[in-house]
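See below for the structure under consideration.
The values are calculated or read from the model by the stated rules, or taken from the named source; none is laboratory data. Here the structure is a predicted model, which means the values were calculated and not measured. Cβ placement follows ideal geometry from the backbone for every residue including glycine, while neighbour counts extend to all protein chains displayed. SASA here: full protein model, heavy atoms, side chains in, ligands and nucleic acids out. Shrake-Rupley method; radii C 1.70, N 1.55, O 1.52, S 1.80 Å.
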Amino acid sequence: MPARVIRIRSVDTDPVVFPQRTLDRPLSDAERFAKAATVVTKLYSEHLAAGTPLVAKTSWIRFIPADTPDTVTYAAGAGDASLGLGEVHEVPFDAAVLGLADRERRLAILDWLQQHMLGLARALGWERQPIVDAYRACRRDECRLHRRGPSKARPGRRFTAHAEYEIDGDGDAWSWVVVTGATGEVAAVSRRHDSPATLTAAARVLRSVRWDGDAVTWTPWTDDVDPPGQRWVGRVERFVIDAHQGPARL
C-alpha cells in the first residue's frame, strides 16, 4: 500500500490564546504581532487544508515573531510528523505593522506570512502553487474570518435563530446569536461574547444553539480551560425572547 500522504494543514504564530482583556500583563510587540496574526493564520490554514495538498513531512508550521536578523536561514532538516515535530522557525517582524488600520494590518501580516511560507518552500523543495492559492484566497476574503451557523427554528413559533462567529484583527474571537422572523428579516441580535479563537471552537460554538422556551441558548466558550479570573467553561448564555413583545436586543 502507498504511504500515507502528509500535507500541511495548519500554520500559526504561537499566539497568546486568551482574550487580551483577561490578561494580567501587557503584551510585548512580538506577542501582539503574533496574536494579531491569528485571524490571518486561521484563514490561511483553512484554505491550505481545502486546496491542492501541500505535501510535506509534517502537517503544521509555526512562525514565531522575534527580534532576529532580517535574513532568515531556515533549518535544513524538515519537521517530521513521525516524531511529533512540525516546522518551527523564529522569524523577524516589523512592529510598525501594529500601528496600521485594521484592514491594512491584516493584509500586511498576510504578506509577512507569505514571505516566510515561500522562503520555507524554497528551502525544503515544496510546491509553490498550494501556497500561492492560499494567499490569493485570503486576499479575496480580505483576511476576514466570519462564520454563520445552522438555523434552529423555535418549536411552534415563527422565529429562527443562529449563531455567528468571527476572529477580530486583534486576535480575539466573538460569538453572538441572531434571531430572524418568518420572512428572514433580522428581528434581534444578542450582545457579543468571548469565544476561543480556533477553527475547532468556531464549529462547536456554531452548533451549540438551542431553543429553551422563550430563550435562545448557546455556549460561547467551548474550551476546557478558563482565562485568568474568569469562569466561562461550561457556561451557557441565554438570549431571552419575550412571548408578547417579540425579540429584543439584549
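Hey, among the residues in the stretch 179-196 that are part of a strand (DSSP E or B) and in contact (Cβ under 8 Å) with a residue 60 or more places away in the chain, which one's nearest to Gln20 (Cα to Cα)?
Asp194
Quick check on this structure: which one of Leu145, Leu199 is touching a residue at least 60 places away in the same chain (Cβ under 8 Å), in contact with a strand residue (DSSP E or B) (Cβ under 6 Å, 6 or more places away or on another chain) and closer than 30 Å to Trp112 by Cα?
Numbers: Leu199 fails: in contact with a strand residue (DSSP E or B) (Cβ under 6 Å, 6 or more places away or on another chain).
Answer to the check: Leu145.
Kindly indicate whether any position in the stretch 50-64 is in a helix (DSSP H, G or I) and in contact (Cβ under 8 Å) with a residue 24 or more places away in the chain.
Residues of the stretch 50-64 that are in a helix (DSSP H, G or I), as a first pass: 50.
Keeping just the survivors that are in contact (Cβ under 8 Å) with a residue 24 or more places away in the chain gives none.
No, every residue in the stretch 50-64 fails to be in a helix (DSSP H, G or I) and in contact (Cβ under 8 Å) with a residue 24 or more places away in the chain.
Condition (residue is of a type in the set (S, T, N, Q) and over 19 Å from the mean Cα position of the chain (by Cα)) applied to the stretch 138-152: is it met by at least one residue? I'd like the intermediate steps shown before the answer.
If we filter the stretch 138-152 for residues that are of a type in the set (S, T, N, Q), which is where we start, we get 151.
Imposing the further condition that a residue be over 19 Å from the mean Cα position of the chain (by Cα) reduces the set to 151.
Within the stretch 138-152 (the criterion being of a type in the set (S, T, N, Q) and over 19 Å from the mean Cα position of the chain (by Cα)), the answer is yes, since at least one residue qualifies.
Out of Trp176, Trp218, report the one residue that is farther than 26 Å from Ala36 by Cβ, free of Cβ contacts under 8 Å to residues at least 60 places away in the same chain, crowded, with 18+ Cβ neighbours inside 10 Å and not small (Gly, Ala, Ser). Give the steps one after another, and end with the answer.
On the way: Trp176 fails: farther than 26 Å from Ala36 by Cβ.
Among Trp176, Trp218, only Trp218 is farther than 26 Å from Ala36 by Cβ, free of Cβ contacts under 8 Å to residues at least 60 places away in the same chain, crowded, with 18+ Cβ neighbours inside 10 Å and not small (Gly, Ala, Ser).
What about Ala96, is it free of Cβ contacts under 8 Å to residues at least 60 places away in the same chain, under 29 Å from Val186 (Cβ atoms) and open to solvent by 30 Å² or more (accessible area, probe 1.4 Å)?
Details: free of Cβ contacts under 8 Å to residues at least 60 places away in the same chain: yes; under 29 Å from Val186 (Cβ atoms): no; open to solvent by 30 Å² or more (accessible area, probe 1.4 Å): yes.
The answer is no for Ala96.
Name the residues in the stretch 1-56 that are open to solvent by 10 Å² or more (accessible area, probe 1.4 Å), in contact with a Pro (Cβ under 6 Å, 6 or more places away or on another chain) and closer than 18 Å to Glu127 by Cα, would you?
Correct list: Arg7, Gly51, Thr52.
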